[in-house]
Amino acid sequence: MSTGRLTIDLDAVAANWRALDAKSDQGVQTSAVVKADAYGLGVGKVGRALAAAGARRFFVAVPEEGAALREALGPGPEISVFAGHMPGDTDMIHDLGLVPMLNSVDQLTRHFEALPGHPFGIQLDTGMNRLGMEAAEWGPLRELIVAQNPRLIMSHLACADEPTHLMNRQQLETFHEMTEGLDVPRSLAATGGILMGSDYHFDLTRPGIGLYGGLPFDAAAPVVSLDLPVVQIRDVAPGESVGYSNTWVAEYQTRVATVCGGYADGISRKISNKAVMFHEDTPCPILGRVSMDLITVDVTHLREIPKSLTLLGTQQNADDLADVAGTIGYEVLTQLGARYARYYARGRG
Ligand SMILES: *Cc1c(COP(=O)(O)O)cnc(C)c1O
């Protein structure tokens, strides 16, 4: 087989959910954020594994993502939608039993008119200026909205990956001010917020990246490995070049492995001539440009000819590779391509 092999350890996902759940008090519910196809890992399989671990509430970005998740989970678990209720969403919200997090007066009006009595939540903007009602909009409508029994009032932290950033305290204070005295469950923390301690936990936490083994949850169990098969080996003489635009020229006799996988599989072209792949624990530098479907790798120093090389694994995780590419682990995961053969392992207990 010449496609890359992507292995997703569902037991590690479940263990990460339990570990993040254990960081908040018993009375705090831990949900699971599975937007973007569970950060690229497959929302059906991942959703079921999280439900089996104990997750009862899930979040997606848009209602369309609720369909595959509802199919995987069945009717019980609650599925909430960050983008709220947009024109054209009403049937999906109704038929799939989704709970939109309403972000504006427009969305509130639409929701109450189209689906009176249908569950909803409210998203407040506490300073990120991305989604949610601002204080001036929310203040005068607060009592009216609360009388309609929202299931949740939530907001989102802009700087939770930097625990000492002053913005965190500011947003916490603003969230308290905007929700003071209300008898509605509240939520502020994603993965970063969970790690900042109980002040940030409120009634429900919303971990995403930590479930999938990513920073800022540095104690996460590794979830993803990606191995690319070697399709050809050649020896390149000094002075010869490798790959598009001749960006790598051999200075010594070099054994080059060509592996299947490229930017069409979500492997950033920015790691060209920079990142390494691994044969077991031995790093093997990427030579030349990452092309659409292929990568060339220096295996001169290996004692054997490898069948495949590892791009993601315990040797180098998504955050490590992201550092080389100048991005974040979230982007590396969500770009994982559709061409890989996906294996869902049950590694740890
Ligand atoms: C993506 C997202 C989350 C999850 O964030 P992580 O950093 O992946 O844990 C939680 N809440 C909102 C509003 C989000 O957009």
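The values are calculated or read from the model by the stated rules, or taken from the named source; none is laboratory data. Keep in mind the model is a prediction, meaning the values are calculated, not measured. Virtual Cβ from ideal backbone geometry, glycine too; neighbours counted across all protein chains shown. Protein only, heavy atoms only, side chains kept; ligands, DNA and RNA dropped before computing areas. Shrake-Rupley method; radii C 1.70, N 1.55, O 1.52, S 1.80 Å.
Of note:
- Working from label points 7 Å from Cα in the Cα-to-Cβ sense, the M292 to D218 distance is 4.1 nm.
- For M196, neighbours were defined as the other residues whose beta-carbon sits under 12 Å from its Cβ, and their charges (Lys and Arg +1, Asp and Glu -1) total -1.
- Rounded FRET efficiency, nearest 0.05, which uses the C-beta distance separating T3 from E113 and R0 of 30 Å: 0.05
- Helix 105-114 axis versus longest C-alpha principal axis of the chain: approximately 70°, rounded to the nearest ten.
- If you wrap the stretch 1-148 in the convex hull of its Cα atoms and look at it from every side, the mean projected area works out to 11.2 nm².
- With N as its number of residues, the stretch 99-200 has a Cα radius of gyration that, divided by 2.2 N^0.38 Å, comes to 1.07.
- Our analysis of the chain gives Rg over Rh at 1.06, with the two radii drawn from alpha carbon positions and Rh computed by the Kirkwood formula.
- Acute angle (nearest 10 degrees) that the helix 64-73 long axis makes with the longest principal axis of the chain, alpha-carbon atoms: 90
- Residue-normalised accessible area of the chain, given per residue in Å² at a 1.4 Å probe: 45
- Pairs exceeding 30 Å between alpha-carbon atoms, taken from K274/K307; K23/K307; K45/K307: K23/K307.
- Sorting the segments 304-312, 35-43, 4-12 by their residues' average number of neighbouring beta-carbon atoms within 10 angstrom, most packed first, yields 35-43, 4-12, 304-312.
- Charge context of M101, other residues only, Cβ under 13 angstrom, K/R +1, D/E -1: +3
- Taking the longest Cα principal axis of the chain as reference, the axis of helix 135-146 is set at about 60 degrees.
- Separation of the stretch 308-349 and the stretch 126-155, taken as the distance between their Cα centroids, equals 37 angstrom.
- With every protein chain in place, the stretch 29-76: carbon and sulfur % of accessible area (1.4 Å): 55
- Stretching A135 away from H165 to a fully extended chain increases their span by 8.6 nm, per 0.36 nm per residue minus the current alpha-carbon distance.
- Note on D25/I233: beta-carbon distance plugged into 1/(1 + (r/R0)^6) with R0 of 51 Å gives a FRET efficiency of 0.35.
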